[in-house]
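For reference, the structure discussed in these notes is given below.
The values are calculated or read from the model by the stated rules, or taken from the named source; none is laboratory data. Everything quoted here is computed from the prediction, not taken from an experiment. Here the Cβ positions follow ideal geometry from the backbone for every residue, glycine too, while neighbour counts run over all protein chains shown.
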Amino acid sequence: MSRLSALFLSLLLLLAPVGARAEVIATFYSHDFGDHFPHTFFTLKGTVEATGEVVDTNYGFTAKNVTPAILWGSVLGMIETKDAKYVAKSNAHFTYRLTQEQYDTLLAHVETWRNKPQKSYNLNKSNCVHFVMEAAELLGLKVNRQSKLFKKPKSFVLEVMSLNPELVLDPELHTPLTVEASNN
């Protein structure tokens, strides 16, 4: 093949349309304490490989009614999706590029928690941090099931990051770096 032909072929390849890579990214957040719940949650954004569906949603777990009753025992719990303003005012800690299987697993996790027998929210045993801990664990991340931080969402997510040093923040962008999913 002549140099001219090779150059022409290279140019054609560069100009050829490239299909967008289908992927969904999970981002794990915490929200500083206050009267807005949940205090930790994850978002799912991207394009589902299997269907081409574009997703942009989030999931957290909270008490259905936030009253002093949560201090004394189990109360009604629910999966909650927050608006973009809430997400924007929250702290993004790390992102994780999902395989199709991991995406499906996270959705199944959400449905499991959505369908738990009521009273499903318990500040000590089944709160937003427990929900996020299980999600991270399902992705193959190391978590501390004996953590003392189940009532401290931001500290817990930071603990998950310390157990998984590949989960770091990009200091230039102040946004999380993306970690490729691996099959553990």
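For this structure, a couple of remarks:
- Pairs meeting the criteria (first residue in region 116-128 and farther than 10 Å from LYS151 by Cα, second residue aliphatic (A, V, I, L, M) and in a loop (DSSP other than H, G, I, E, B), beta carbons under 6 Å, at least 6 apart or on different chains) are GLN118/LEU76; LYS119/LEU76.
- Enumeration of residues in region 138-148 that are closer than 14 Å to ASN127 by Cα and either among the basic types (Lys, Arg) or crowded, with 19+ Cβ neighbours inside 10 Å (or both): ARG145, LYS148
- Only residues that are of a type outside the set (A, V, I, L, M, F, W, C) and assigned to a loop (DSSP other than H, G, I, E, B) were counted in region 124-170, giving 15.
- Annotation: of all residues in region 165-184 being under 15 Å from the mean Cα position of the chain (by Cα) and either surrounded by fewer than 14 Cβ atoms within 10 Å (Cβ to Cβ) or modelled with pLDDT of 90 or more (or both), the one that is farthest from PRO38 (Cα to Cα) is GLU180.
- A Cβ distance below 6 Å, combined with a sequence gap of six or more or placement on separate chains, defines the contacts here; from region 149-175, residues that are farther than 26 Å from LYS125 by Cβ reach residues that are modelled with pLDDT under 90 and part of a loop (DSSP other than H, G, I, E, B) in the pairs VAL168/LEU177; ASP170/LEU177.
- Scanning region 129-148 for residues that are in contact (Cβ under 8 Å) with a residue 60 or more places away in the chain and of a type in the set (A, V, I, L, M, F, W, C) yields VAL129, PHE131, VAL132, ALA135, ALA136, LEU139.
- Single match in LYS64, LYS89, LYS116, LYS85 (criterion: modelled with pLDDT of 95 or more and either surrounded by fewer than 18 Cβ atoms within 10 Å (Cβ to Cβ) or out of contact with any strand residue (DSSP E or B) (no Cβ under 7 Å at 6 or more places or on another chain) (or both)): LYS116
- Complete set of residues in region 39-98 that are farther than 29 Å from GLN118 by Cβ and touching a Phe, Trp or Tyr at 6+ places or on another chain (Cβ under 9 Å): GLY46, VAL48, GLU49, ALA50, ASN91, ALA92, HIS93, PHE94, THR95, TYR96
- Residue match in region 53-60 (condition: in a helix (DSSP H, G or I), surrounded by fewer than 17 Cβ atoms within 10 Å (Cβ to Cβ) and of a type in the set (A, V, I, L, M, F, W, C)): no
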